[in-house]
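Presented below is the structure to which this report refers.
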Protein chains: 2
Amino acid sequence: MEYPSKLLTELVEEIAKLPGIGKRTALRLALHLLKQPEEQSKNLSNVIIKFRQEIKHCDICQNISDKPVCDICNDDARNHKLVCVVEDVRDVMAIESTGEFKGVYHVLGGLISPIDGIGPFDLSIDRLIKRVQDKHIDEVVLALSATVDGDTTNFYLYRQITALQEPPVISTIARGIGIGEDLEYADEVTLARSILNRIPFEKAIKQNK
Amino acid sequence: MEYPSKLLTELVEEIAKLPGIGKRTALRLALHLLKQPEEQSKNLSNVIIKFRQEIKHCDICQNISDKPVCDICNDDARNHKLVCVVEDVRDVMAIESTGEFKGVYHVLGGLISPIDGIGPFDLSIDRLIKRVQDKHIDEVVLALSATVDGDTTNFYLYRQITALQEPPVISTIARGIGIGEDLEYADEVTLARSILNRIPFEKAIKQNK
């Protein structure tokens with residue numbers, strides 16, 4: 001498709017660099033901006049560059065934050081000896097929205113992925129190991145995706161942490177059939193895992209709210 | 001969901017104002033920008049505001065253009081007495097890509113839509129009527145979407161144009177395209193056929209049931 005304007009071509013190409021957005025969608029978004037007040041484009045433009053230039057990461061957990069230390073790491077009511085390791089800020093938000101986790105986090109900023117050329121040193125793994133050792137962490141909960149990259153990263157972290165002089169307990173979130181999910185539609189690996197890791201019925205009842 | 005940063009919240013809210021993009025997708029896009037070089041955010045930010053502030057519309061056909069008169073209206077090889085009326089620039093691009101239309105265009109900039117509060121005077125209809133009269137246009141091809149708004153606009157245009165002293169032939173593209181289907185998503189062969197097989201508006205009315 002040929003665009004009638006160089007400015008439009010440039011904008012479509014920039015928008016289409018975003019993941020999951022093709023040129024057709026990019027064109028639709030560009031034309032949408034044209035129909036809206038100029039104010040909206042100005043705000044969007046400003047906030048993109050401001051976000052990219054001014055956003056900070058928490059010195060302790062590497063989560064996105066406006067302050068040097070994030071609200072979670074600053075919260076004295078939380079257990080700072082219990083660290084949940086996640087891939088990115090979306091996982092922190094998801095776990096926080098359950099209201100069930102009273103520990104703190106460590107955000108890796110990605111997963112080890114040889115295919116994408118992401119190695120351990122591209123992530124905040126060194127900082128995690130140092131933190132576990134220096135702060136005498138009691139338990140590390142690995143909460144990474146159940147994918148090839150997630151498993152690779154899990155094993156790498158496990159080896160690094162158990163190699164410490166006084167290693168903490170290392171746990172991983174339970175895999176199983178989702179609440180409200182049909183048993184017959186679950187994949188075999190998940191179903192097998194949920195049977196192997198079965199828990200006392202009394203315990204499950206207490207967790208029902 | 002609570003975001004860990006005000007800057008992130010602002011960006012997600014601005015991105016989620018775009019059509020078809022929810023807060024979850026907006027968050028994914030924001031975090032993507034963070035992983036990319038700052039250059040990419042800068043380019044995107046610059047090109048958005050440049051596009052919005054500097055984009056022009058062709059003086060004759062109202063199509064998006066970098067120049068006062070667009071390349072199509074400037075092309076002497078085209079038939080300037082044959083005007084195809086479309087909703088927006090995407091439709092011009094779609095028809096141009098068929099290579100079957102040798103006339104020129106008139107871009108309305110939308111459709112009459114009482115529900116969305118868009119009336120005839122929000123579109124470039126006055127300019128079309130004036131153009132048809134002043135330039136002694138031979139034929140007007142109505143190529144609007146086969147939707148309620150498209151039909152409303154068609155009838156409005158038909159009444160306005162036939163009220164002229166020497167009205168041109170009014171035709172409409174053949175409905176090889178499904179009712180309710182967007183023009184821009186039609187395949188090129190169907191779209192080309194529908195332009196070649198345009199029929200008198202009176203005939204089209206009779207086929208509406």
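Results, tabulated for the structure shown:
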quantity	calculated
Per-copy distances of the B:Asp182 label point, shortest first, in nm (7 angstrom along Cα→Cβ)	3.3
Reach of B:Lys130 by Cα under 18 Å, taken over lysines that are not fewer than 8 positions away in the same chain	B:Lys81
Under the Karplus curve 6.51 cos²θ - 1.76 cosθ + 1.60, θ = phi - 60°, whole-Hz ³J(HN,Hα) for region A:55-72, x wherever Gly or Pro sits	5, 10, 10, 4, 4, 8, 9, 6, 5, 4, 7, 8, 10, x, 10, 6, 4, 5
Cβ neighbours within 10 Å from other chains - mean over B:63-76	2
Candidate lysines for bridging to A:Lys42, where Cα separation is under 16 Å - those fewer than 8 sequence places away on the same chain excluded	A:Lys50, B:Lys17, B:Lys42, B:Lys50
Within a Gaussian network of chain A (alpha carbon springs, distance under 10 Å), most fluctuating of A:Ser41, A:Ser65, A:Ser113	A:Ser41
Region B:58-209 - percent relative contact order, Cα under 8 Å, separation 6 or more	22
Coil-residue trypsin sites (Lys or Arg not before Pro) of region A:1-91, DSSP, other Cβ within 10 Å capped at 16	A:Lys17, A:Arg78, A:Lys81
Gyration tensor verdict on region A:102-209 (Cα atoms; rounded if a/c is under 1.5, prolate if a/b is larger than b/c, oblate otherwise)	oblate
Listed residue (A:Leu157, A:His80, A:Ser41) projecting farthest to the positive dipole end of chain A, Cβ model	A:Ser41
Gyration tensor verdict on region B:17-67 (Cα atoms; rounded if a/c is under 1.5, prolate if a/b is larger than b/c, oblate otherwise)	oblate
Across the identical copies, how the A:Glu38 labels are spaced - nm, sorted shortest first, 7 Å along Cα→Cβ	2.8
Rg/Rg_globular for the protein assembly as shown, with Rg_globular taken as 2.2 N^0.38 Å and Rg from C-alpha atoms	1.34
Convex hull volume per residue for region A:119-182, taking Cα atoms only, in Å³	98
For A:90-103, mean number of other protein chain Cβ atoms within 10 Å	1
³J(HN,Hα) computed for each position of region B:96-104 - Karplus, 6.51 cos²θ - 1.76 cosθ + 1.60, integer Hz, glycine/proline x	4, 5, 7, x, 9, 9, 9, x, 10
Across the identical copies, how the B:Glu54 labels are spaced - nm, sorted shortest first, 7 Å along Cα→Cβ	2.6
Debye equation applied to the C-alpha atoms of chain A, log10 I(q)/I(0) at 0.13, 0.15, 0.16 Å⁻¹	-0.94, -1.09, -1.15
Amide H partners (placed H, <5 Å) of B:Ile60, local residues excluded	B:Cys70
Principal axis box of region B:1-116, alpha-carbon based, largest edge first, Å	60, 38, 25
For chain B, built as a Gaussian network whose Cα springs stay under 10 Å, the top-fluctuating residue of B:Ile55, B:Ile129, B:Ile115	B:Ile115
Shape category assigned to region B:90-150 from the gyration tensor of Cα positions, a/c cut at 1.5	oblate
GNM flexibility winner over chain B from B:Val104, B:Val132, B:Val148 (Cα, springs under 10 Å)	B:Val148
Amide proton proximity set for A:Cys84, modelled H, under 5 Å, gap of 5+	A:Val104, A:Tyr105, A:His106, A:Val141
Given charges at beta-carbon only (K, R positive; D, E negative), |dipole| of region A:1-70 in Debye	140
Phi-based couplings in Hz for region B:82-89 (Karplus 6.51, -1.76, 1.60; Gly and Pro marked x)	10, 10, 9, 8, 10, 6, 8, 4
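Rule-based calculations on the coordinates, nothing more; no lab input. Since the structure is predicted, the reported quantities are computational estimates derived from the model, not experimental observations. All Cβ positions, glycine included, derive from the backbone under ideal geometry; neighbour counts span all protein chains shown.
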